[in-house]
1. Expected output is a single nm value to one decimal: the length gained when fully extending between residue 14 and residue 98, i.e. 0.36 nm times separation in residues minus the C-alpha distance. What is it?
2. Quick one: work out Rg over Rh on the C-alpha atoms of region 338-484, Rh as Kirkwood radius.
3. Between residue 429 and residue 295, how high is the FRET efficiency from 1/(1 + (r/R0)^6) when r is the Cβ-Cβ distance and R₀ = 35 Å? Nearest 0.05.
4. With viscosity set to 1.306 mPa s and temperature to 10 °C, compute the Stokes-Einstein D of region 80-158, Rh being the Kirkwood radius across alpha carbon pairs; µm²/s, no decimals.
5. In nm, what is the difference between 0.36 nm times the number of residues separating residue 409 and residue 352 and their Cα-Cα distance?
6. Could you calculate the FRET efficiency of residue 132 with residue 200 from 1/(1 + (r/R0)^6), where r is the beta carbon distance between them and R0 is 51 Å, rounded to 0.05?
Amino acid sequence: MFNSLYAKIAAGLSALFLVVGLIFIGVTVFATDMYQQEVNQKLNTGLAQQIVKERILMEDGRVNQTALKEIFHMLMVINPGIEIYLLDVDGNILTFSAPPDSVKRSKVDLSPVTQWLDGRLIPPVQGEDPKNLTGKKVFSAASIERNGILEGYLYVILGGEEYDSVAQKLKGSYILRLSAWMIGAGLLFALAAGLVLFGLLTGRLKKLAAVMEAFEGGTEGADVDLPRRQGPPDEIDRLSNTFKEMAARIETQMAELKASDQMRRELVANVSHDLRTPLATLQGYIETLLIKENQYTPEERGHYLEIAIRHCRRLNTLVTELLELARLESARMDRSPEPFDLRELIQDICQKFTLTAEQKAIELRQQFENSVPFVEADIALIERALENLIENAMNYTPEKGKVTVAVSMEKEVVIRISDTGPGIAEKELPHIFNRFYQSNPFTRKKDGHTGLGLAITARIIQLHGREIQVETSPGKGCCFSFSLPAWQQPNL
C-alpha cells in the first residue's frame with residue numbers, strides 16, 4: 001500500500017493534519033473556557049467586596065441570617081449561577097446559598113483567597129469548589145472585618161451548577177458546531193491542497209524514476225527525456241542533470257571499452273602477424289643451414305646467419321617496444337619529473353644520429369633560442385620520445401634532405417621536429433599514432449620498423465599532460481611538435 005513516495009507522504013500528511021486538528025480543537029476549547037472564566041472573574045472582581053460593604057453579614061462572630069437571606073434572594077433573581085459561602089477565619093463554611101445536600105466540603109483552602117485579596121494573582125484564579133471534592137472554580141472574595149478585627153470571609157463562586165449547565169448547553173450550540181465544522185473543513189482543504197502540491201512535486205520524481213528504469217532497460221542516454229520546468233533549477237532538476245551526465249559518462253565509458261576491446265583484438269592480430277613473419281623466416285634459414293650445412297660455402301652460411309640475426313633483432317625490438325608501450329599505458333606508471341636543460345639533451349640525442357645522417361647525406365640541424373629555460377619533466381621519457389621522433393624523421397627523409405630540431409620559448413617551451421620528406425596524406429593523419437600503423441608498409445618491412453614509435457611517443461607526451469601536434473603538407477615534409485612546462489625555480 002505504501003510502496004511509493006507519494007503514498008507515504010500522503011499518509012504522513014494526513015496523520016499530521018489529524019493530530020494537529022485534534023490539538024487545535026482541544027486548545028481552542030480549553031482557551032475558550034479559560035477566557036470565559038477570566039472574563040467572568042474580571043467582571044465580578046468587586047462583587048464580594050460590594051456585598052460586604054452594603055450588608056453586615058456577621059455581628060460579634062455570629063452570622064446575620066437576615067442579611068444573608070436578603071442577599072441570597074437578590075442574587076438568585078439577578079444571577080442564579082452565583083453561589084455564596086460565608087467562611088470563618090480558618091476557612092470553615094458557616095453558611096451558604098446552595099441546597100444543603102449539594103455542599104460536600106466543610107472547609108475551603110484560604111491560600112488562593114488570601115493571595116487574591118493581596119493582589120498577587122492574575123485572573124483567572126481558581127479556588128476550591130465546595131460542591132466538588134476535586135474541582136476548582138473562579139471566585140470573588142472579600143474579608144469581613146469589624147472594628148479592625150477579622151471575623152471571616154465572603155467566598156463567592158462565580159460559576160455554580162447553573163453556570164455549568166448553561167456552559168454545557170453553549171458547548172452543544174449551533175455556533176460551536178458550526179465553528180467545529182469550519183475548522184474541520186479548513187483542515188481538509190489544507191490537506192487536499194497539500195496532497196495536490198506533493199503530487200505535483202513527486203510527479204517529476206516518478207517520471208525521473210521511470211526514465212532511470214528505461215535507461216536500465218537499454219534506452220540510450222541521448223534518448224532520455226528528463227522532467228524539466230521553467231525557472232531556476234531545484235534539487236530535482238539537479239538530480240535529473242546529474243543522472244543525464246552519469247548516463248552520458250556510462251555510455252562514453254562503454255564506447256571506450258568497446259573501442260579498447262576492438263583495439264586489443266587488432267593488437268593481438270598485428271602482434272601475431274609481426275611475430276609470425278620473422279619467426280617463420282628465422283626458422284626457415286636455420287633449418288636450411290642445418291639440413292644443407294655441408295652444401296654451402298662459408299660466405300653463403302654467413303649470409304644466411306646475418307639474415308637470421310636481423311630477424312632476431314627485429315623480434316627483440318618488437319617485443320621491447322610492446323613491453324614499453326604496455327608499461328606506459330599501465331595505471332601504475334609514474335613519472336619522475338626533474339628540471340633539466342633541454343638543449344643539452346637534444347644535443348646528446350642528435351649525436352647518436354650523426355653517423356646515420358652522414359650515411360644518408362641528411363643534414364641534421366639544431367635551432368635553439370638563447371632564452372630557453374630549463375624544463376620540468378621525466379628526462380628518460382622525454383629522451384625516448386625525442387629519439388622516436390628524430391628516428392622517424394630520418395627514416396622518411398630522402399637523401400640530401402634536412403631534419404631540424406628546434407626549441408623556442410612561447411607560453412611554454414615548444415619542441416619542433418621537422419623534415420623535408422614526402423609528408424603525410426590528410427586521410428592518414430588520424431591514424432598515425434595508432435599501434436602498428438605506417439603510411440608506407442614497405443618501409444616497415446625493409447627497415448625493420450615496428451610501427452609503435454609514434455604510439456609510444458604520444459603516450460609519453462600524454463603522461464606529461466600535453467598533446468603532440470602534427471603539421472604536414474604532402475611533398476613538403478611534416479613537423480611534429482609538443483610543449484613542456486618551464487621549471488619554476490623555488491624562492492629561497
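Read-outs throughout are calculated quantities, based only on the coordinates presented, and are distinct from any laboratory measurement. Worth saying up front: this structure is predicted, and the values here are computed from it rather than measured. As a convention, Cβ positions derive from the backbone with ideal geometry for all residues, glycine included, and neighbour counts pool all protein chains shown.
1. 25.3 nm
2. Reported Rg/Rh (Cα atoms, Kirkwood Rh): 0.94.
3. The value I calculate is 0.10.
4. D = 125 µm²/s.
5. Once the chain is fully extended between residue 409 and residue 352, it gains 18.0 nm.
6. Taking R0 as 51 Å, the efficiency between residue 132 and residue 200 is 0.40.
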